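**Q** Supplied in structure tokens, the structure appears directly below.
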Amino acid sequence: MSDETIHLGMKVIKVWPDDCKSEVCGDPTIHKVSFADTQEYHPRLIAKILELEENHRLRKRYFRGACGTKIHNLEQWVSTEAELITARAKALFRKALDCEQSVVDLSWANVYRTGDYCLPHSHLRSTASVVYCLDTGDEDPEDPHSGRFCFVDPRLRNCCQHQEGCMTTPFFPGMVAGTMLIFPSQLVHSVNPYAGKRPRITLSWSINKNMLPGSPFPANAGNGP
Ligand SMILES: [Fe+2]
């Protein structure tokens, strides 16, 4: 499993680099990992997503608070960079859940433009969700929380720092370009309104151990960070 590789042009990239370790992030059910070789695939992947965002059948835009513009189904993008990062998401699932199998139910990119945000939601039809940050976009000097992903779930102890079961403190796991996060799909999360100009771009996958029957759509029920 750890020997799995993908060819990007002339380069052979390990799906799971040898020195890469995931860590518990704020709660035992949440794990985070950072990849150091992002230069090998970020530029082409970002260019691909911005091209698809322009005008593509997989592109969907609902409303401003529905997590930006979505481009679904990475496996249909004809992109080896998308294959690589999907293989990493699936590998993280197997590591975090200590299992042999991982099947993607639905995957998508989110492109946030100025004013876009993501209302609190959970992900349907999956055991775990993986989120990957391709570009955090511009920082807002007047609002350090602008465009930031956070958990707002009363089941997380670090969201309830004053009274058990009372969600008073959003938990920001801290994501930079190259950060991948895995968490139970039921955990409620959101993204604050994004004020920057450069597009903020993330990827999401809903993953299970086995394939589920039926379709993951209607997609407007499944938001993404
Ligand atoms: Fe989400």
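The values are calculated or read from the model by the stated rules, or taken from the named source; none is laboratory data. Every value quoted in this text rests on a predicted model; they were computed, and no experiment measured them. Because the Cβ atoms are built from the backbone with ideal geometry, glycine has one as well, and the counts that use them run over all protein chains shown. Each accessible area value is taken on the protein alone, full model and side chains, heavy atoms only, with ligands, DNA and RNA left out. Shrake-Rupley method; radii C 1.70, N 1.55, O 1.52, S 1.80 Å.
**Q** For residue 186, which of the numbered conditions (1) touching a residue at least 60 places away in the same chain (Cβ under 8 Å); (2) away from the ligand (no atom under 13 Å from the Cβ) fails to hold?
**A** (2)
**Q** For region 1-65, list the strands (runs of 3 or more DSSP E) that sit wholly inside it and hold at least 2 residues that are open to solvent by less than 20 Å² (accessible area, probe 1.4 Å); which are they?
**A** Result: 27-34.
**Q** With the structure loaded, tell me whether residue 83 is under 17 Å from the mean Cα position of the chain (by Cα) and modelled with pLDDT of 95 or more or whether it fails that test.
**A** yes
**Q** Return yes when residue 71 is assigned to a helix (DSSP H, G or I), under 18 Å from residue 47 (Cα atoms) and in contact with a Leu (Cβ under 8 Å, 6 or more places away or on another chain) and no when it is not.
**A** So residue 71 does not fit the description; no.
**Q** Which residues, taken from region 121-134, are of a type in the set (Ser, Thr, Tyr) and crowded, with 23+ Cβ neighbours inside 10 Å?
**A** 126, 129, 132
**Q** Taking residue 95 and the conditions (1) in a loop (DSSP other than H, G, I, E, B); (2) more than 16 Å from the chain's Cα centre (by Cα), which numbered condition does it fall short on, given that it satisfies the others?
**A** (1)
**Q** When you check residue 129 against the structure, is it touching a residue at least 12 places away in the same chain (Cβ under 8 Å), within 16 Å of the ligand (Cβ to nearest atom) and over 18 Å from residue 69 (Cβ atoms), yes or no?
**A** yes
**Q** Okay, moving on. Would you mind telling me which numbered condition in (1) closer than 18 Å to residue 28 by Cβ; (2) of a type outside the set (Phe, Trp, Tyr); (3) free of Cβ contacts under 8 Å to residues at least 12 places away in the same chain residue 163 fails?
**A** Status for residue 163: all satisfied but (1).
**Q** Among the listed residues 140, 105, identify the single one that is touching a Pro at 6+ places or on another chain (Cβ under 6 Å) and open to solvent by 10 Å² or more (accessible area, probe 1.4 Å).
**A** 105
**Q** Identify all residues within region 108-120 that are part of a strand (DSSP E or B) and either open to solvent by less than 20 Å² (accessible area, probe 1.4 Å) or under 18 Å from residue 50 (Cα atoms) (or both); write none if there are none.
**A** Within region 108-120, 108, 109, 110, 111, 112, 118 qualify.
**Q** If the requirement is being more than 26 Å from residue 60 (Cα to Cα) and within 19 Å of the chain's Cα centre (by Cα), which of these qualifies: 171, 151, 183?
**A** Just one listed residue meets the conditions, 171.
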